Amino acid sequence: MEDRFKNWEYPEIEENKPTKYNWVVRHVEKFKLGEKTDIGAFTYINACYGITIEDDVQIGSHCSIYSESTIDNKQGEVVLKKNCKIGSHSIVMPGVTIGENSIIGAFSFVTKDIPDNVVAHGIPAKIQRNL
């Protein structure tokens, strides 16, 4: 993994504007991004109530991460812990923490906290096994 991030640079993040990697953040002032992260193109991040992405996190393309849901009025900080991975086209809902080293399978809908060191997937995402 070190070679992959050898030339990693913190991306320029502006309100509602795609980064050079084509992902977008709303409420940039409440968004915290760790080092050596990989966020896929066309991912949408709504940080209205805070989103923290720790070091070495990977997020696939076309994901949505919400700290606010206007459909059911849920709100809360989202935390993606160190070295977790989220598969493409997944959705993370408000107030969710995804644990360190955990893997979320593609096309998952994460509505509850996921502990450290597990694989989870599905709609809603459920723990499938330990790592």
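The values are calculated or read from the model by the stated rules, or taken from the named source; none is laboratory data. Just so we're clear, the structure is a prediction, and the values are computed from it rather than from any experiment. In this analysis, Cβ positions are derived from the backbone assuming ideal geometry, glycine residues included, and neighbour counts consider all displayed protein chains.
Pick from segment 31-69 the residues that are surrounded by 20 or more Cβ atoms within 10 Å (Cβ to Cβ) and of a type in the set (V, I, T): which of them is nearest to D3 (Cα to Cα)?
Filtering first and then ranking leaves V57.
Give me a count of the residues in segment 40-54 that are out of contact with any Lys or Arg (no Cβ under 9 Å at 6 or more places or on another chain) and in contact (Cβ under 8 Å) with a residue 24 or more places away in the chain.
Matching residues across segment 40-54 total 1.
Given the condition surrounded by fewer than 18 Cβ atoms within 10 Å (Cβ to Cβ), over 25 Å from Y21 (Cα atoms), free of Cβ contacts under 8 Å to residues at least 40 places away in the same chain and not hydrophobic (A, V, I, L, M, F, W, C), answer yes or no: does some residue in segment 76-93 qualify?
yes
What's the number of the condition K6 fails, among (1) closer than 21 Å to P124 by Cβ; (2) among the basic types (K, R); (3) modelled with pLDDT under 95?
(1)
Any idea how many residues of segment 93-131 are hydroxyl-bearing (S, T, Y) and either farther than 16 Å from Q58 by Cα or in contact with a Ser or Thr (Cβ under 7 Å, 6 or more places away or on another chain) (or both)?
Within segment 93-131, residues that are hydroxyl-bearing (S, T, Y) and either farther than 16 Å from Q58 by Cα or in contact with a Ser or Thr (Cβ under 7 Å, 6 or more places away or on another chain) (or both) number 2.
Answer yes or no: is there a residue in segment 17-24 that is within 10 Å of the chain's Cα centre (by Cα) and hydrophobic (A, V, I, L, M, F, W, C). Break it down stepwise before answering.
Here is the first cut: in segment 17-24, the residues within 10 Å of the chain's Cα centre (by Cα) are none.
Checking segment 17-24: not a single residue is within 10 Å of the chain's Cα centre (by Cα) and hydrophobic (A, V, I, L, M, F, W, C).
Quick one: count up the residues across segment 9-29 that are in contact with an Asp or Glu (Cβ under 9 Å, 6 or more places away or on another chain), modelled with pLDDT of 95 or more and of a type in the set (K, R).
Summing the residues that are in contact with an Asp or Glu (Cβ under 9 Å, 6 or more places away or on another chain), modelled with pLDDT of 95 or more and of a type in the set (K, R) in segment 9-29 gives 1.
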